[in-house]
């Protein structure tokens, strides 16, 4: 039922809105790609509406913090719309697909056939493991942290904060994730499904909600409490491994590799040197520019 409804809307949006626009501007060569983008756009829009319906009432009911002025959260909404409505994904698709198609063809010409597990949970585990190490390295290496600090500089963290990332950092993450998916032979549908599930869990873990899943639950799946500790001032980017609680979905990686911190406290979020006045920018473009300055 839902699939039929979704396909009908997808077809209508493409034929009535997207395709006429392509024809108007002489971009019909992008017709097939635009069809895929329309699919991503609808999926992203539905996911955002569902997340807002579920999570926003929780943020009003059980907030960690209440702010009279929510101005700082507005830019995160822009980041989220940019990422979840298919604008960034289709750009990465245009940039990365030719390269990965070439790599895939070369691998197969060499007689190497990527494995295919036909198991969504296994793909989720593999991609989550890769995300753990990528996230840990974002904290470990200065140049990478300069980009990732855009994400951590939010002092008013909400479920919108998940997609608050530097564009270059997002490109690196997308390339790495696509490479892992290619290496393990994840079909496009499986890769997209895992990405949507992971994104929903990550949005919830960033929510301004005073909620944990209990002693056992916090060790099975990343909760708002577990991830808030990762963002906490004085904890989230300090220590021997430059932080803690790096997992996106499964805390088992933090437990196995010694980076888990099960502090049961909902602490203020941000970066230490913000307290001494370092500027991380309020608007989108300033945040992007300051990140490049920090790199050097």
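Just so it is clear, none of the values below were taken in a lab; they were calculated from the coordinates. Here the structure is a predicted model, which is why all the values come from computation and not from measurement. All Cβ positions, even for glycine, are placed from backbone atoms using ideal geometry, and neighbour counts span all protein chains on display.
Quick notes
- Looking only at the stretch 233-268, and only at residues there that are buried (at least 22 other Cβ atoms within 10 Å of the Cβ) and without any contact (Cβ under 8 Å) to a residue 60 or more places away in the chain, the one that is farthest from residue 148 (Cα to Cα): 251
- Filtered residue count, the stretch 130-150, keeping only those that are under 16 Å from residue 293 (Cα atoms) and surrounded by 21 or more Cβ atoms within 10 Å (Cβ to Cβ): 5
- Among (1) buried (at least 19 other Cβ atoms within 10 Å of the Cβ); (2) touching a residue at least 40 places away in the same chain (Cβ under 8 Å); (3) in a helix (DSSP H, G or I), the one test that residue 186 misses: (3)
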